[in-house]
């Protein structure tokens with residue numbers, strides 16, 4: 001079978017390559033000579049080619065480009081120069097997810113065989129069905145060093161679930177107080193607020209800077225730490241953008257790389273996500289829906305904290321979201337957390353009523369209950385954590401118990417990770 005190929009090799013190397021492949025037209029045919037990455041993506045996205053061959057110095061190729069080829073089932077072969085320049089180029093390309101390489105000076109027949117091997121590898125990834133538009137294998141991460149990966153915690157909930165940022169910020173702070181290295185990542189693309197909650201004056205979003213480094217293959221643990229703000233011993237923060245119009249800058253392939261590097265350099269990575277899932281990616285949007293970052297985080301996280309608000313509307317929204325968790329995060333430990341528990345919204349014995357309603361209506365076992373507490377306002381006004389401004393408050397003690405519970409159960413099998421497994425964990429966390 002003749003393989004249709006697109007090439008984009010700057011300089012005279014492309015002419016030599018095409019001349020060498022001319023006698024091999026029964027095996028391989030160049031259907032598109034592309035001047036830039038945009039033209040390569042157009043050819044691959046239209047299903048015109050089974051492979052693309054690029055020069056190592058082709059500008060504009062980043063992790064999103066490589067992921068797009070993989071998502072479409074199009075093989076990528078990178079031609080490398082000889083010597084140290086080729087080694088450096090290979091490291092950069094591997095960091096953005098490329099897997100197949102060959103020396104640009106090799107005979108044309110050898111390069112044709114490398115293209116065929118790359119296509120066959122993609123077929124194997126896709127299950128051998130030969131569909132050039134199928135498959136969505138993840139890009140291979142670049143080297144992160146020998147560090148044992150840490151754990152990723154997603155804090156998420158339905159629209160209107162108040163307290164996600166409060167939970168994320170203070171959970172991260174409590175884990176740091178327990179002598180853990182923690183990265184707090186603000187991925188709320190609808191209105192990031194972690195920087196404001198912590199009183200950070202620098203409005204430059206550290207997350208966007210880290211994403212740019214990740215897209216270019218330059219993000220490692222040291223670079224990530226340079227982009228993050230150190231707010232307390234053991235606690236670093238990647239602030240997000242407060243401008244919802246910049247959501248498209250948070251590109252999912254680069255974001256996954258940030259999560260990988262964060263896990264390599266920290267014991268815990270706590271991610272504050274936007275509420276809801278209105279725009280999850282599908283097979284027709286290139287994986288770039290507004291909630292693609294939420295989907296990527298839920299997929300990567302070992303723990304997903306699902307928040308809901310303790311009032312009739314908030315609990316109903318929570319239950320609808322809770323029913324979707326086996327679909328959205330099938331491999332994660334999922335913990336229910338209900339915020340602002342108060343008698344004025346649910347009636348007397350608020351903790352008991354909330355727990356009973358969630359169990360009766362949704363089968364939710366042992367939800368973590370966080371009380372309505374003025375300490376949250378005090379901390380927000382001061383731009384500090386609960387541990388700093390209200391260490392004896394009921395809300396702070398509740399979040400601390402949540403952090404202790406996470407440390408106790410996160411490495412256990414999911415079927416043992418019940419709140420009752422920790423004898424020191426109070427089911428009625430709303431009590432002062």
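General remarks:
- Summed over segment 260-280, residues that are under 14 Å from residue 182 (Cβ atoms) and assigned to a loop (DSSP other than H, G, I, E, B) total 2.
- Test: residue in segment 61-73 that is surrounded by fewer than 17 Cβ atoms within 10 Å (Cβ to Cβ) and within 22 Å of residue 214 (Cα to Cα): no
- Segment 104-119, residues that are part of a helix (DSSP H, G or I) and either free of Cβ contacts under 8 Å to residues at least 12 places away in the same chain or touching a strand residue (DSSP E or B) at 6+ places or on another chain (Cβ under 9 Å) (or both): 110, 111, 112, 113, 114, 115, 116, 117, 118, 119
- Listed by position, the strands (runs of 3 or more DSSP E) enclosed by segment 291-371 that each have at least 2 residues that are within 14 Å of residue 276 (Cα to Cα) are 303-309.
- Only one entry in 382, 351, 357, 376 is in contact (Cβ under 8 Å) with a residue 60 or more places away in the chain, touching a helix residue (DSSP H, G or I) at 6+ places or on another chain (Cβ under 8 Å) and crowded, with 16+ Cβ neighbours inside 10 Å, namely 376.
- Those strands (runs of 3 or more DSSP E) of segment 1-70 in which at least 3 residues are over 24 Å from residue 257 (Cα atoms) and modelled with pLDDT of 90 or more, considering only elements entirely within it, cover 3-8, 28-33.
- Residue count for segment 159-177, restricted to those that are touching a helix residue (DSSP H, G or I) at 6+ places or on another chain (Cβ under 8 Å) and modelled with pLDDT of 95 or more: 11
- Residue count for segment 47-60, restricted to those that are crowded, with 20+ Cβ neighbours inside 10 Å and farther than 16 Å from residue 102 by Cβ: 2
- Residues of segment 265-293 classified as at pLDDT below 95 and either under 20 Å from residue 67 (Cβ atoms) or not assigned by TED's automatic domain parsing to the domain that holds residue 161 (or both), total: 15
- Of note, residue 83 satisfies the criterion of being assigned by TED's automatic domain parsing to the domain that holds residue 114 and without any contact (Cβ under 8 Å) to a residue 12 or more places away in the chain.
- Subset of segment 90-103 that is surrounded by fewer than 20 Cβ atoms within 10 Å (Cβ to Cβ) and touching a strand residue (DSSP E or B) at 6+ places or on another chain (Cβ under 8 Å) - its residue that is farthest from residue 2 (Cα to Cα): 90
- Flag for residue 142 being surrounded by 20 or more Cβ atoms within 10 Å (Cβ to Cβ), in contact with a helix residue (DSSP H, G or I) (Cβ under 7 Å, 6 or more places away or on another chain) and modelled with pLDDT under 95: yes
The values are calculated or read from the model by the stated rules, or taken from the named source; none is laboratory data. Keep in mind that what you see is a predicted model, and the values were worked out from it rather than measured. For neighbour counting, all protein chains shown are included, and Cβ atoms are generated from backbone atoms with ideal geometry for every residue, glycine included.
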